[in-house]
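Reading through the structure tokens given below for one structure.
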Amino acid sequence: MRIVIKVGTSTLAHKTGLLNIKRAEKMCKVISDLKNAGHEIVLVSSGAIGMGLGKLGLTKRPDDVSTCQAAAAIGQSELMYTYDKLFSEYNHTVAQILITGAFVTIEDYGKNLNNTLYRLLEQGVIPIVNENDTVATEEIIIGDNDTLGAIIANRVKADLLIILSDIDGFFTGDPNKDPNAKRISVVEKVTDELEALAGQPGSRLGTGGMVTKIKAARMVTENGIEMVIANGKDPDIMYDILDGTAVCTRFLSQK
Ligand code: GLU
């Protein structure tokens, strides 16, 4: 299978913004194993801004764009250093791909991006994609990595998009506030009503939230790709997702 895995800041970093070493190590181990089993993997990784802020000793996202962009420049290099080191332990090669909205709107950029992604996959490399937050501006921003994950899954014609977050899936309400909120295990089709249930983004260091995840689900399932939202706190869940036994929400492909 060709699998795009999107990992959020809340999965990769502690609340301080600093790397969650135990989790990052386990994540790279499981992904390496899935690769060894024959799956092709593209990783869409957040964490640049969060980790950069952590390194600068800032515990909350500042309002000014320049500090966030500077933090992204700092955090992105730590992110890639970490991935390169951890995947190398299992003999896997990684490649950094940083894109902005211009790659979606300008056709030639998009073609080049596709060529590079396909060539890397042919060569058995794990492409690691993030938005180039350091240079993305209002006009050329993708904005969140759930959407980026969906864009990349559609481009590489993935079989599955896995979104690893800090929640077990999609709930009928906010499980942190509403004790009656229930996890929906299978979504046959993303409807407007379902999107309306998704509420508002919440996390402190990353962006996104459920709204962007449901939009991502719509983008890929309409294109024939299944999507899963699962909790990344134990990366072993990726095995269960492939076995069909995971606690998660599965969005069925519409084709
Ligand atoms: N590109 C951002 C980062 O790496 C994260 C965006 C998101 O999590 O949606 O920090």
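The values are calculated or read from the model by the stated rules, or taken from the named source; none is laboratory data. The model shown is predicted, which means the values in this text are computed figures rather than measured ones. Using ideal geometry, Cβ is built from the backbone for each residue, glycine included, and neighbour counts are taken over all protein chains shown. For accessibility, only protein heavy atoms count, side chains too; no ligands or nucleic acids. Shrake-Rupley method; radii C 1.70, N 1.55, O 1.52, S 1.80 Å.
Below are the figures for this structure:
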{"read-out": "Most fluctuating residue given options Ser46, Ser185, Ser165, as computed from a GNM of the chain linking Cα atoms under 10 Å", "value": "Ser185"}
{"read-out": "Per-residue SASA entry for Arg183, accessible area with 1.4 Å probe, Å² rounded to 10", "value": "90"}
{"read-out": "Sequence-distant residues sharing a close amide H with Val42 (under 5 Å, placed H)", "value": "Ile3, Val4, Ile5"}
{"read-out": "Proximal charge balance of Asp33 [Cβ under 11 Å; K/R count +1, D/E count -1]", "value": "+2"}
{"read-out": "For the range 41-102: relative contact order, % (alpha-carbon pairs under 8 angstrom, 6 or more apart)", "value": "33"}
{"read-out": "Carbon/sulfur fraction of accessible area - the range 41-140, other protein chains in place, 1.4 Å, %", "value": "51"}
{"read-out": "Inter-centroid distance (Cα atoms) of the range 133-157 relative to the range 178-195, Å", "value": "25"}
{"read-out": "Amide H contacts under 5 Å for Ser165, placed H, 5+ residues apart", "value": "Ala230, Asn231, Gly232"}
{"read-out": "Simple spin-label estimate for Leu56 and Tyr81 in nanometres, 7 Å along Cα-Cβ", "value": "1.7"}
{"read-out": "Sequence-distant residues sharing a close amide H with Ile225 (under 5 Å, placed H)", "value": "Gln254"}
{"read-out": "Estimated [θ] at 222 nm from DSSP helical runs (n ≥ 4, -39500 (n - 2.57)) normalised by residues in the chain, nearest 500", "value": "-12500 deg cm²/dmol"}
{"read-out": "Cleavage-rule hits, chymotrypsin sites (Phe, Trp or Tyr not before Pro), the range 89-126, DSSP coil, Cβ neighbours within 10 Å at most 16", "value": "Tyr90"}
{"read-out": "Debye, to nearest 20: dipole size of the chain, +1 on Lys, Arg Cβ, -1 on Asp, Glu Cβ", "value": "420"}
{"read-out": "Relative contact order %, the range 135-185, counting alpha carbon pairs below 8 Å whose residues are six or more apart", "value": "21"}
{"read-out": "Heavy-atom accessible area per residue - the chain, 1.4 Å, Å²", "value": "47"}
{"read-out": "Whole-number Å³ per residue for the convex hull built on Cα positions in the chain", "value": "122"}
